[in-house]
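I have placed the structure first, in the form of structure tokens, so that the comments after it can refer back to it.
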Amino acid sequence: MIPTEPNLKQIYSGLKSKLKKYEENGYQLFKIQWETPNEFSDWYKEQYNTQKHKCAYCGTDQDNIRKVIDNRILTSKRFDLGRGRRGNNLEVERKEPNENYDKTNCVLICYFCNNAKSDVFSKKEFLPIAKEIGKVLKKNIEGIDKIKKGIKDAKWIFAKTYAKTAPHEYIIKNQNLELFNAIANLIDTKGYTKDFTLSGHTETNKYFDIDGYRYWHYDVVLNRTDKKTKWKM
């Protein structure tokens, strides 16, 4: 998905601010070809379509990159900074880091490649590194796709005992081993901690959210509940 006009203006503003900061410190390291936000926006859209919304270095589709970020498969504080957040859009990259921001020297690349390349490597030097980044991203994208298919195919059992107080569904580990292990690993390694109180008893659990559902596990049981569901505490 191509960035909105406000986002494109924000990207352009960021480039201009970067240039101004260098100039204030006595450096003239680069120039920016685009004189207005509209000129930059037109170039970005054209370049985005030319690249078929894929990173120019690792070749990963930006929509798939958003998938691993939005599902918190890969995490960073930079993904949670509100207006200043990164990762959601392809970023402007100079193929030769000591040359200008212009049409001949710029392409669009993903956050992961841009963060790794920085202003250290030339395009030629960085491409072998980008290839490995692409492999890691592909593995994570395929992983979340497989989990979501498993969730869809699984036969979730409604917990009748808690129908009125804490409505949720569950599956049993030995009947859904691969899915159980995959989601349990996400909960244990990337989940968040939250307290909940039920019938006067408070517990602290780790959770992981996928597509509007909250998942948690006890021993051999994997539970989930719609995040919109209200429990009677």
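What about Arg72, is it on the phi > 0 side of the Ramachandran plot, surrounded by 15 or more Cβ atoms within 10 Å (Cβ to Cβ) and out of contact with any His (no Cβ under 6 Å at 6 or more places or on another chain)? Steps first, answer last, please.
Working: on the phi > 0 side of the Ramachandran plot: yes; surrounded by 15 or more Cβ atoms within 10 Å (Cβ to Cβ): yes; out of contact with any His (no Cβ under 6 Å at 6 or more places or on another chain): yes.
Spelling it out, Arg72 is indeed on the phi > 0 side of the Ramachandran plot, surrounded by 15 or more Cβ atoms within 10 Å (Cβ to Cβ) and out of contact with any His (no Cβ under 6 Å at 6 or more places or on another chain).
Specify which of the listed residues (Lys52, Lys103) is outside any helix (DSSP H, G or I), among the basic types (Lys, Arg), in contact with a strand residue (DSSP E or B) (Cβ under 9 Å, 6 or more places away or on another chain) and modelled with pLDDT of 90 or more.
Details: Lys103 fails: in contact with a strand residue (DSSP E or B) (Cβ under 9 Å, 6 or more places away or on another chain).
So the residue among Lys52, Lys103 that is outside any helix (DSSP H, G or I), among the basic types (Lys, Arg), in contact with a strand residue (DSSP E or B) (Cβ under 9 Å, 6 or more places away or on another chain) and modelled with pLDDT of 90 or more is Lys52.
Each row is one residue, and each column tells you yes or no for (1) farther than 20 Å from Ile210 by Cβ; (2) part of a helix (DSSP H, G or I).
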residue	(1), (2)
Val120	yes, no
Phe126	yes, yes
Ile129	yes, yes
Gly134	yes, yes
Leu137	no, yes
Gly143	no, yes
Lys146	no, yes
Lys149	no, yes
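What's the total number of residues in segment 71-120 that are aromatic (Phe, Trp, Tyr) and touching a residue at least 60 places away in the same chain (Cβ under 8 Å)? If you could, list the steps in order and put the result at the bottom.
If we filter segment 71-120 for residues that are aromatic (Phe, Trp, Tyr), which is where we start, we get 79, 101, 111-112.
From what's left, touching a residue at least 60 places away in the same chain (Cβ under 8 Å): 101.
Residues meeting the conditions: 1.
May I ask you to say which residue of Asp61, Asp70, Asp42 is more than 19 Å from Leu127 (Cα to Cα), modelled with pLDDT of 95 or more and in the same structural domain as Ser118 (by TED's automatic domain parsing)?
Numbers: Asp61 fails: more than 19 Å from Leu127 (Cα to Cα); Asp70 fails: modelled with pLDDT of 95 or more.
Unique residue meeting the criteria: Asp42.
Please find, within segment 182-233, the residue that is farthest from Lys164 (Cα to Cα) out of those that are modelled with pLDDT under 95 and hydrophobic (A, V, I, L, M, F, W, C).
Phe196
The values are calculated or read from the model by the stated rules, or taken from the named source; none is laboratory data. Since this is a predicted model, take the numbers as computed values, not measurements. Note that we place each Cβ from the backbone using ideal geometry, even for glycine, and neighbour counts take in every protein chain shown.
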